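Take a look at the structure below.
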Amino acid sequence: MTNTRQLSKLYIVINFIKNIRTLIPLLVIAYINIDDFEFMKTIWGIAVVIALIAFNFLFSYLPWKKFQYSLEQDRLIIHKGVFKREEKTIYYNRIHSVNVQQPLLLRIFGVASLQIETPGGKPGMAEGELSVLKHGFALELQQQLKQLRSRSIAMASGSPAAQQQTSAEAHEGDAAAIVQEGSSLHSAVELGDQAVLEGSVSPMGSTEDRELLQQEHDTTGYDYEYKLSAGQLLKASLTSLNLNFALIFLLGIYSFADDVLELIFPNLYEKMLEVMSPDFYDSVVGGVTEQFSVMTLFVIVMMTVIVFGFVWLLSIVIYLIKFGDYQIRRSEEQLSVSYGLLEKKSFIFDQNKVQAVIMDENPIRQLLGFAELRVQVITSNAMEQLVIHPFIRKKDIPAMMSQLLPDRQLDLRKQLQAPPNSAYRMYAMPSLIVVLVLIGAAAWLWKWNSLWFLLLIPIVLGWSWLCMRTAGVWLEDGDLILRKRTINRVTYFVRRKHIVTLSMKTSPMQRKRKLRTIRVQVLGSAFAYRVKSIADEHLVPIWQWFSRSGNSKSSNGSDTTA
């Protein structure tokens, strides 16, 4: 392995802090359960503390010392492991994306983590990770890997004669130049790390150096570049909703609602107790139900408004922190996305590796004509969809997509082939069963006081109807469109070549009404894209389009998968 390098020396400091952080719960338990700490004041107690610190330093130093990586002509080689040595080889032409992330702890020290994604990576883990690099160097290395990947792919697709000529001349010279440039920068960064450890500069590093590195990074030519303005970011945060979090938070508040009311409104709480008649408590059982009986409908509505208002403000703050400094760039066939204030994230991926485009609209944004645009890319985290625009006007999506993904044209149809009215039972029944069980449990606990739960029935029935009318499929020009709604309206745009499996399943109730549920699975996604209870007549063309043999689904109504 030639031209070997090591991670930043700040790895030792950061790993030392992380190890201490993992011991905090153990120390808290020990403090609670041990009354006498006189032992810690003795010479043996001090020796134990010193030994723990020494072991912590040793287990932080050895992984750094044993970790080495090298940029070769056609591959990245990583050596790591203290007791069990491991060598990992990543060929440049196998790289799908290169991501730079900066959690808060790394951001404090001005370092970042470089994660390399490949098709063969384990779920939830990057194929290769350089966990602690100076932020400027991580950005430079991200660009180097991008260039080496492009050059490697060009070499693989060229003629044999051209490959021999460029392999002997251009490839060695250019790749060596990139590696040498990175090596020089790495040496400069190492000197900076040493200065940080010696205390001669601030832990965040030299501001001028970081600005210079950032300017060098920004001067790279891009075919397209977009930055989210402060005004757009504020509008996006104001329209961001997290209803799932709000409902969980609301249930948590109601579980100790009496304590909250007594703490915030002590006089109101006492007056409510005075006006309540003694007979009112006869219909309740136990202490928990007695607490609930004190809650009037007015107080429930008031608390709901307060909780949702608080969650809304909290979601604004979280959104601003997550998507602050958002920018996206395209250079040739690669896209670069970066965002985040406290935890800085940066992704570089090939536009040809985009498996699906997802348009997400919460109810507020749908009314205003805005949406969030995401893409499904093969990454180590199959749960993650990369945001390529957090807040875009829907009528501007085709123009932006022509800049970001020129070979993909999105058909933003308002009307799709929706489920027929006979599918309403399949949409309403699951939610209605849950509500009826909830009403039955409330009636058993609170008797007549649970009648207001009946208001949930028309709400659930109306929402189920809306979900059914929103759902639909459409096939045009080789692109499959699927749309569904739970709370947000989500539209998936998928190409045939990216579909791994397409299945159409039916239950006895659906089969009677000639309905089926379509499921589409693409690479990089942990879950299938699913739309339920579509009429058979609309699914037959989709099956014929996808099936290699061109045959439609089986005539006996059984499940069909391709």
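The values are calculated or read from the model by the stated rules, or taken from the named source; none is laboratory data. Here the structure is a predicted model, which is why all the values come from computation and not from measurement. We place every Cβ from the backbone using ideal geometry, glycine too, and count neighbours over all the protein chains shown.
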Just name the residue that is nearest to Lys353 (Cα to Cα) out of those in the stretch 407-422 that are over 30 Å from the mean Cα position of the chain (by Cα) and part of a loop (DSSP other than H, G, I, E, B).
Pro419
If you check Lys88, Lys134, Lys66, which single one turns out to be without any contact (Cβ under 8 Å) to a residue 24 or more places away in the chain and either of a type outside the set (Asp, Glu) or touching a Leu at 6+ places or on another chain (Cβ under 6 Å) (or both)?
Lys66
Number of the exception - Lys394 against (1) at pLDDT below 90; (2) closer than 21 Å to Leu367 by Cα; (3) buried (at least 17 other Cβ atoms within 10 Å of the Cβ)
(1)
Do you know which of the residues in the stretch 62-113 that are part of a loop (DSSP other than H, G, I, E, B) and among the β-branched types (Val, Ile, Thr) is surrounded by the most Cβ atoms within 10 Å (Cβ to Cβ)?
Ile95
Can you name every one of the strands (runs of 3 or more DSSP E) wholly within the stretch 469-562 that holds 1 or more residues which are under 25 Å from the mean Cα position of the chain (by Cα) and modelled with pLDDT of 90 or more?
479-485, 489-495, 499-505, 515-522, 529-535
Filter the stretch 313-338 down to the residues that are crowded, with 16+ Cβ neighbours inside 10 Å and closer than 16 Å to Gly231 by Cα and list them by number.
Ile316, Tyr319, Leu320, Lys322, Phe323, Gly324, Tyr326
Can you pull out the residues in the stretch 411-434 that are more than 30 Å from Lys394 (Cα to Cα), in contact with a Ser or Thr (Cβ under 7 Å, 6 or more places away or on another chain) and small (Gly, Ala, Ser)?
Ser431
Identity of the residue in the stretch 436-463, of a type in the set (A, V, I, L, M) and within 31 Å of the chain's Cα centre (by Cα), that ends up nearest to Arg485 (Cα to Cα)
Val460
Return the residue satisfying two criteria in turn: it lies in the stretch 417-433 and is among the hydrophobic types (A, V, I, L, M, F, W, C) and out of contact with any helix residue (DSSP H, G or I) (no Cβ under 8 Å at 6 or more places or on another chain), and of such residues it is nearest to Glu476 (Cα to Cα).
Met429
In the stretch 365-391, anything modelled with pLDDT of 90 or more and outside any strand (DSSP E or B) is listed as Arg365, Gln366, Leu367, Leu368, Gly369
Single residue of the stretch 305-359 satisfying the filter (modelled with pLDDT of 90 or more and β-branched (Val, Ile, Thr)) that is farthest from the chain's Cα centre (by Cα)
Ile328
Here is a check on your reading of the model: is Asn15 surrounded by 12 or more Cβ atoms within 10 Å (Cβ to Cβ), in a helix (DSSP H, G or I) and modelled with pLDDT of 65 or more?
yes
